[in-house]
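For reference, the structure is listed below as structure tokens.
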Amino acid sequence: MEQHTAKNFVLQLGSLISLYLSLAFFLVLIFGFVNVLFPDTAQSVWEVEQAASNIRIGFAMVLVFFPTYLVLTRLVNKNRRGSQDNSYLGLTKWLIYLSLLVSGLVLLGDLVAVVMGLLEGELTTRFVLKAAAVFIVAGAAFYYYIQDAKGYWLENEKKSVVYAVVTSVVVVLTLAAALTQIPNPAQVRAEKIDNQMVSDLRDIQWRVDDYYRANNALPEDLQTLYGEFSAPSAPAEKAEYRYEITGNTTYQLCAEFAYDSSPGADNSYSPEPIMMEPGIPGNYNWDYKAGDWCFKRAIETRNLETSSL
């Protein structure tokens, strides 16, 4: 009997843990969805990317843990209906009330974060939608478990199934809607490859600048530039990087990109050498368009002359 009670208790615990994770990441998904659907001109590019990332992690966690919660809860309720062990029923009731306390604190924390967002200048529409999401999700969970503690679902199995079906439909529709607001996996992979290629080209530019300072001339090709080391190579499905000399102190670096650089992204940023005078405008800008794209570059000769005095 003790072994049977322990098994059921573990199932109940697993069910509640799955519930906590489902609730928390369902809200993460909704918050990210709201942030993407209602963009704020005051938010940074990092915040936009973070919203899409939140949708992805929320989607993955809910997709795994919500079905797990449904299955475990179904098993728990089945065992409870057939159990005559009062000690088991008492333990699960204590666990249910404890779960209400913990989940309530977590959801209150989410609500605090929503209010903080409003106080920090977040759009009112966002605040209303996020606050409504917290109240609806919290209300649905609290209603179910308050009724569960009273034994309502044990006596009304069909209503329990209906509640589960309605909840599942809401979750599935939310997951489907959220997916429409983020790039598909193939696009995400392609954009990561584009970013890696930009990183390779930045490294090449740094080495070209260093080579010119040491030799007072541009390298003939990338192999000359890298010497005994291997020069960066483009991914297999892409055209090879091109280094083309266009003048005594000018050159261009070319690569094949799948997508345009992110709108508003700070692609102009690159750790630039410390210069005595302002450099050439755009010499460290990495905005690009899809397809074959070349970045025009020039050696900062004025600064070389100044630094040699």
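The values are calculated or read from the model by the stated rules, or taken from the named source; none is laboratory data. A quick note: this is a predicted structure, and the numbers were derived from the prediction, not measured. Every residue, glycine among them, receives a Cβ derived from its backbone with ideal geometry; neighbour counts consider all protein chains shown. With ligands, DNA and RNA removed, areas are computed over all heavy atoms of the protein, side chains included. Shrake-Rupley method; radii C 1.70, N 1.55, O 1.52, S 1.80 Å.
Numbers below:
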item	result
Distance between modelled label sites at Asn156 and Gln223, nm, 7 Å Cα→Cβ extension	8.0
Segment Glu47-Ile245, length gained on full extension (0.36 nm per residue, minus Cα span)	67.4 nm
Paramagnetic label zone (point 7 Å from Cα along Cα-to-C-beta, Lys7; backbone N under 14 Å) in segment 148-174	none
Average projection area in nm² (convex hull over Cα atoms of segment 91-217, one quarter of hull surface)	14.6
Pairs from Lys192/Lys289; Lys7/Lys78; Lys93/Lys130 whose Cα-Cα separation, in the structure shown, is over 24 Å	Lys93/Lys130
Separation of alpha-carbon centers, segment 148-224 and segment 8-41, rounded to whole Å	18
Accessible surface, 1.4 Å probe, highest first, among residues Ile136, Ile204, Ile146, Ile30	Ile136, Ile146, Ile30, Ile204
Förster radius 30 Å - calculated FRET efficiency between Leu98 and Ile57, Cβ distance, rounded to 0.05	0.65
Ala214-Lys238 FRET efficiency (beta carbon distance; Förster radius 41 Å; 0.05 resolution)	0.85
